[in-house]
Every structure is written in structure tokens, then in C-alpha cells.
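Since the structure comes first, as C-alpha cells, the remarks are kept for the end.
The values are calculated or read from the model by the stated rules, or taken from the named source; none is laboratory data. All values derive from a computational prediction rather than experimental measurement. All Cβ positions, even for glycine, are placed from backbone atoms using ideal geometry, and neighbour counts span all protein chains on display.
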Amino acid sequence: MILSDINLSKNPFKDTTPSRTSSLVWAGLPDLKRKIQQCYDECLEYESTQLVLNWGPYGGGKTFSAYYFMEKYSTNTKITQIYLRSPKDGNKTIKEFQKNIIDWLSFDTICTHISQLILQHGLDQFIQLLTPVASSEFAKAISLMGSGDSSTKQLMNRYIYTGVTKSELKSLGLAKDISSDSDIIKFLSGLFACYAGHSPIYSGKLVLWLDEMEDIIYYPAKIYKAFSQVLRDLSDSFSDNLLMFFNFTLAEGEEQTIEMLLGTALWSRITKKIKYAEITEPAANSYVLELLNNYYINPQNHTIDPSIISSIVKLIPKNSLTPREINKYFNSFTNYVLRKNINSIDLSVVNSWAEEFSEFN
């Protein structure tokens, strides 16, 4: 038996964790979608800096939100979007953060972009425009990424990722490497200015999603404080055209933990807080129904009717009603129906599946 036998083009519940490689469908949770959409709308329409805190339980939809909206705006040339997970190496957090940004944008793509900006403004003017945010030293370093000379590009790749020798620095005409946190802030501020801001450098918007931020709780205190300082200084480098999301997975009542991790200075700059709470049974029913409707081959034939949906949702513990947990239950149910070659789905099927499901959970 295959999915088309139960009127489905695809198993809507298969991806219990989201994937950026699959086409994403937003189902249910209209208030949550509206709030994030509003952040994007304000970013596009106004000159503003927004620091948005997304927080809630595991499987609440924070990563999915990032993937969904990044896909939605992937063809919008006005926006440059970056998605990063919290650095895992606590001892090299800030350097890893810098490298991850370069990796996401792609070193070669950055070089091409900077080369185009230099062609547009001229080298001297480009460095002059970048100096207020990056300092003259790192403005010059960034300009070298736009060089047409392949050996210079190779050296700049090492300059960013591993560092270069003093003689290589001299050959580049640079006085220093990117060594301190302050250097990284200046370099990234200059790089971001090539993607977000006003003319004359570049007119664009920058959206940065920082996921799994709760992992910084495992860093030594001096490390997460330094990381918070970097995020604060980066956001302060832009008076507008920056939208930054912080995704935290923490339980109810742990908002103070987030404040501690971000630090008072960065916490005070948060402009919006979006809570991903456990959802109600009616909201869960709507979520499942909307998801199914997107994959029914014949939209008039609801193979899994609302009463069946409701009966399965009632089996999920109320404190676990998140999209991930709902997907887990309904994925299991869908696979059970296929495995047992069941064409007509009624309450007896739910009961027999539930008995089997409980044996493994």
C-alpha cells in the first residue's frame, strides 16, 4: 500500500524535524506566523534595527520558522539572510561565529560581491566609506577580498580562517591579523555594511537567525559574556536595516536564564519577544487538518476526517502539544495505516494503532 491509496501525495508528518532541503508548508499557528511576518515587513519597509527573541519548548517550531521565512524570501534581492546555529566549541566561540558567517555567505560569493562594490565606487572611495564601521585597517582587508588577483584571494582566505604570517601580512599591505574579539567585531561590522545599510556603500537588508542559543549555557561564563558583547556591538554598528532573531529552547519560567545568558546590555536591546508556547487541542486539530489539506490528492476526499484527528490529538499529553510531537504521533499513525493496508480509517483503527504505539513509547 502506498500514500496515494489514502489520497496523499506525501506523508505530511514525516519530517519531525525541519529540513532546509524540503519545500516547507506552514500549517496552523496563525498568530505566530503573523508576528514573524510583521518583523520581516518592518525590516523591508522601514529603516530599523530589530532584535527578536524567539523562545519556547523543544519542537515548538523555532527552527521551522527560520527555514520557512528564509525560503519565502530567498529570491528577494533586497535581503541577505544568514542562518547559524550557536557555536559548539565554547573556547573558540567568537572565531567560530565569524567563520560560520563566512561559510554561510560563501567566501567566493563575498569576494564577487565586494568586487562589484569596488567597481561601482572605486577602491579608495569604498575603503573610505567602510572605514567608519570597520576601521581603516579592516576596511582595507575587506577590499582585498574583492581583488582580481588569485594569490591575494588565497591569502585573504587564510587571513580569515587560519591567519597569515607577518611576511604575508606585509605582502598584503596589512598591519595586523584578525586576532582579538574587537578585531572580529570590526571586520564583521564592515562585512555586514556591504550587505545592509544605505547608499552609498550598499542599500539592502540583513536578516540573521541565531538558532539553538540555549547551548551557550554550557560555555564558561567569561565566554558567553564575550559572545553577548560581540552580538551587542554588531547590532550597535547598525542604526537600521538589521533584523536579528535569537532562538532559545527553554521551558516556561526560564526567561531570567535568557537574560543572564544574553547579558543586561543585549537584553535591554531586545525589541520583540515571541513565545512559542504549547498549543491547545483545537489549535493542534487545525494544524493537522491544514497540513493534510496541502497534501490531499483529491481535496474533496478527507481520508483522515476531523473526528479521527481529534481522537489522536487527545492521546498526546497536553504539556507536549508541539508541532514536533504532533508530527511524531501522526507520522506513526500514517505508517501504521500503510503497513496494515487499511483503506477505511475509523476509530477502531486509531485504537489498534494506539495500543501498538504505546508499546514503544
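Considering only the range 255-332, give the helices (runs of 4 or more DSSP H) lying wholly within it that have at least 2 residues that are at pLDDT 95 or above.
On the way: elements: 255-262, 264-267, 281-293, 306-313.
Counting at least 2 such residues, we get 281-293, 306-313.
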- Residues located in the range 212-231, provided they are in contact with a Leu (Cβ under 7 Å, 6 or more places away or on another chain) and crowded, with 20+ Cβ neighbours inside 10 Å: Ile216, Tyr224, Leu231
- Query: Quick one: is Gln38 buried (at least 19 other Cβ atoms within 10 Å of the Cβ), more than 30 Å from Tyr296 (Cβ to Cβ) and outside the structural domain of Tyr296 (by TED's automatic domain parsing)?
  - Reply: no
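Looking only at residues in the range 146-172 that are in a loop (DSSP other than H, G, I, E, B) and out of contact with any Lys or Arg (no Cβ under 7 Å at 6 or more places or on another chain), which one is nearest to Ser106 (Cα to Cα)?
Taking the range 146-172 as the starting set, the residues that turn out to be in a loop (DSSP other than H, G, I, E, B) are 146-149, 162-165.
Checking which are out of contact with any Lys or Arg (no Cβ under 7 Å at 6 or more places or on another chain) leaves us with 146, 148-149, 162-163, 165.
Working: Gly146: 13, Gly148: 17, Asp149: 18, Thr162: 16, Gly163: 18, Thr165: 24 Å.
Out of the qualifying residues, it is Gly146.
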- Evaluation of Phe238 against (1) at pLDDT 90 or above; (2) assigned to a loop (DSSP other than H, G, I, E, B); (3) touching a strand residue (DSSP E or B) at 6+ places or on another chain (Cβ under 6 Å) (one fails), failing number: (1)
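Results for (1) of a type outside the set (Asp, Glu); (2) in contact (Cβ under 8 Å) with a residue 24 or more places away in the chain; (3) in contact with a Leu (Cβ under 6 Å, 6 or more places away or on another chain), shown as yes or no for each residue.
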residue: Tyr40; (1), (2), (3): yes, yes, no
residue: Thr49; (1), (2), (3): yes, yes, yes
residue: Val52; (1), (2), (3): yes, yes, no
residue: Lys78; (1), (2), (3): yes, yes, no
residue: Asp89; (1), (2), (3): no, no, no
residue: Lys99; (1), (2), (3): yes, yes, no
residue: Trp104; (1), (2), (3): yes, no, no
residue: Leu130; (1), (2), (3): yes, yes, no
residue: Ala139; (1), (2), (3): yes, yes, yes
- Any chance Gly173 is assigned by TED's automatic domain parsing to the domain that holds Asp236, crowded, with 17+ Cβ neighbours inside 10 Å and over 29 Å from Ser228 (Cβ atoms): no
- Item | Test set (1) surrounded by 20 or more Cβ atoms within 10 Å (Cβ to Cβ); (2) in a helix (DSSP H, G or I); (3) at pLDDT below 95; (4) not aliphatic (A, V, I, L, M) - Ser65 fails condition number | (3)
- Failed condition for Ser19, given (1) part of a helix (DSSP H, G or I); (2) loosely packed, with under 14 Cβ neighbours inside 10 Å; (3) under 19 Å from the mean Cα position of the chain (by Cα), with all others met? (1)
- Kindly list, by first and then second residue, each pair from a residue in the range 225-240 that is over 13 Å from Leu261 (Cα atoms) to a residue that is surrounded by fewer than 19 Cβ atoms within 10 Å (Cβ to Cβ) and among the small types (Gly, Ala, Ser), limited to pairs with Cβ atoms under 6 Å and residues at least 6 apart or on different chains. Asp240/Ser48
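For every residue, the table says whether it meets (1) outside the structural domain of Lys35 (by TED's automatic domain parsing); (2) among the hydroxyl-bearing types (Ser, Thr, Tyr); (3) within 28 Å of Met70 (Cβ to Cβ).
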{"residue": "Leu242", "(1), (2), (3)": "no, no, yes"}
{"residue": "Leu262", "(1), (2), (3)": "no, no, yes"}
{"residue": "Ile297", "(1), (2), (3)": "yes, no, no"}
{"residue": "Thr303", "(1), (2), (3)": "yes, yes, no"}
{"residue": "Pro317", "(1), (2), (3)": "yes, no, no"}
{"residue": "Glu325", "(1), (2), (3)": "yes, no, yes"}
- Task: Write out, first by first residue and then by second, each pair whose Cβ atoms fall under 8 Å of each other, whose residues are 6+ apart or on separate chains, and whose first residue, in the range 327-347, is within 27 Å of Gly59 (Cβ to Cβ) while the second is hydroxyl-bearing (Ser, Thr, Tyr) and outside any helix (DSSP H, G or I).
- Result: Asn327/Thr16; Lys328/Thr16; Asn331/Thr16; Ile345/Thr303
- Task: Report whether or not Pro323 is out of contact with any Leu (no Cβ under 6 Å at 6 or more places or on another chain) and surrounded by fewer than 13 Cβ atoms within 10 Å (Cβ to Cβ).
- Result: no
- Kindly indicate the residue of the range 79-115 that is among the acidic types (Asp, Glu) and outside any loop (DSSP other than H, G, I, E, B) and also nearest to the chain's Cα centre (by Cα) among those meeting that condition. Asp103
- Looking at Thr152, Thr93, Thr109, which one is over 15 Å from Gly190 (Cα atoms), crowded, with 20+ Cβ neighbours inside 10 Å, assigned by TED's automatic domain parsing to the domain that holds Tyr224 and out of contact with any His (no Cβ under 8 Å at 6 or more places or on another chain)? Thr93
